[in-house]
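Step one of this worksheet: look at the structure below.
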Amino acid sequence: MRRLVWFLVAGSLGFLADAGMLALLLSISPLGPFAARVVAILFALSVTWAFNRGVTFGRSRFPLLLEGARYGSVGLLSALLNYAVYAGLLVAFPSLHPLASMAVASLTAMAFSWAGYSSFVFQK
């Protein structure tokens, strides 16, 4: 249960990093909501890896490079799911604010991430 709570904290930090970067890019860059979200997701993924490795799960039994590759593979699949839901919502509901779409997409991907990180990356 403790790991799940810390995972939710990591997810919250990742959400804030994602939302903050998305909002920043939408306000100061020529990137549209689709390209800006790709950058924001990559930024959030690096934030959550650092937190999950340092606090939630601890170091895995794998060498750092392999752990990073495993984390990245789960993160990439989760990010693709996240982005697909985000883009699908924006296409289906054009008046929906990108941050609202991001929130729904992030919650959708969270369960997938938990399963992948706890059983594939940081298995004990």
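No value in this document is a laboratory result; all are computed from the given coordinates. Computed from a predicted structure; not experimentally measured. Every residue, glycine among them, receives a Cβ derived from its backbone with ideal geometry; neighbour counts consider all protein chains shown.
Of all the criteria given as (1) in a helix (DSSP H, G or I); (2) in contact (Cβ under 8 Å) with a residue 24 or more places away in the chain, the one not satisfied by residue 88 is (2).
The residues of region 43-58 that are of a type outside the set (Lys, Arg) and in contact (Cβ under 8 Å) with a residue 12 or more places away in the chain, listed by number, are 43, 44, 45, 47, 48, 49, 51, 52, 55, 56, 57, 58. The test for being of a type in the set (S, T, N, Q), farther than 24 Å from residue 3 by Cα and assigned to a helix (DSSP H, G or I) holds for residue 27.
Checking each residue in region 27-58 for being surrounded by fewer than 19 Cβ atoms within 10 Å (Cβ to Cβ), over 18 Å from residue 101 (Cα atoms) and of a type in the set (Ser, Thr, Tyr) picks out 29, 46.
Taking (1) exposed (fewer than 13 other Cβ atoms within 10 Å of the Cβ); (2) hydroxyl-bearing (Ser, Thr, Tyr); (3) part of a helix (DSSP H, G or I) in turn, residue 106 satisfies each apart from (1).
Hey, among 24, 64, 4, which residue is exposed (fewer than 13 other Cβ atoms within 10 Å of the Cβ) and free of Cβ contacts under 8 Å to residues at least 12 places away in the same chain? Write out each step before concluding.
Details: 24 fails: exposed (fewer than 13 other Cβ atoms within 10 Å of the Cβ); 4 fails: free of Cβ contacts under 8 Å to residues at least 12 places away in the same chain.
Answer to the selection: 64.
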